[in-house]
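Please read the structure below before turning to the comments.
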Amino acid sequence: MQFYIGENVIYPPYGIAVIANITERNFGSESELCYQLRVSFRNINAVVPAHSTREVGLRKLANQADTKRVLSFLGSNAFPTCIDWKTRARENAVRLHSGELLKTAEIYKGLMLIADQKPLRAAEQTMLADARRLVASEISAVTRITEVDAVTLMQKAVERALRRYSRLSSGKPSMKSFMAHA
């Protein structure tokens, strides 16, 4: 995949980055084309060799249709979360580092549903905040709304999903009912 100077890209797991420059770097006797990235989150600069973009997960921003699919997923009956926190933590780490918008939205939705039932562990609170920031920033960039508005859209979608389950079960749904319907 080829990128251009000034283009916004996704750099997992940091989020949106700008291609600040394209340079050639020498690695031993080999010369390699490299993308210099400027990540606004945490003011990070990174260099990604062009041949490594796929392994790193560097990708172009999602499109409007992708963001609509993500918001639809957040409001749907799909609940991709594991009850066991250790397994869930491993799965969520893999999803987060994939850099894929839908996989990151799966983290957000799963942890929001768990948080509705019980307090999250500190590590999961951090993972939830990271997933929220990553999904909201990409939706914001693609749809040209503020990140606050993107978070509001995301929260409303998850609330719709929770209400559906509340109607299916007596009172508030349990994690077992979430998993039974997944």
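Close amide H partners of Ile16, meaning residues 5 or more places away or on another chain with modelled amide H under 5 Å apart, are Tyr11. For the pair Leu102 and Ser29 in one chain, pulling the backbone fully straight at 0.36 nm per residue adds 22.3 nm over the alpha carbon distance.
Scanning the chain for long hydrophobic helices, with DSSP H runs required to stretch 18 angstrom or more by C-alpha along their axis and to average at least 0.0 on the Kyte-Doolittle scale, returns 101-117, 122-143. Among Lys86, Lys156, Lys60, the largest mean-square fluctuation in a Gaussian network model of the chain (Cα springs under 10 Å) belongs to Lys86. Comparing Pro12, Pro119, Pro49 in a Gaussian network model of the chain (Cα springs below 10 Å), the most mobile by mean-square fluctuation is Pro119. Secondary-structure-derived ellipticity at 222 nm for the chain, considering helices only, amounts to -17000 deg cm²/dmol, per-run term -39500 (n - 2.57) for DSSP H runs with n ≥ 4. Shape call for segment 8-60 from the C-alpha gyration tensor, a ≥ b ≥ c root eigenvalues: rounded (a/c under 1.5), prolate (a/b greater than b/c) or oblate? Prolate.
Just so you know, all these numbers are worked out from the coordinates, no wet-lab data involved. This one's a predicted model, so the numbers in the text were calculated from it and none came from an experiment.
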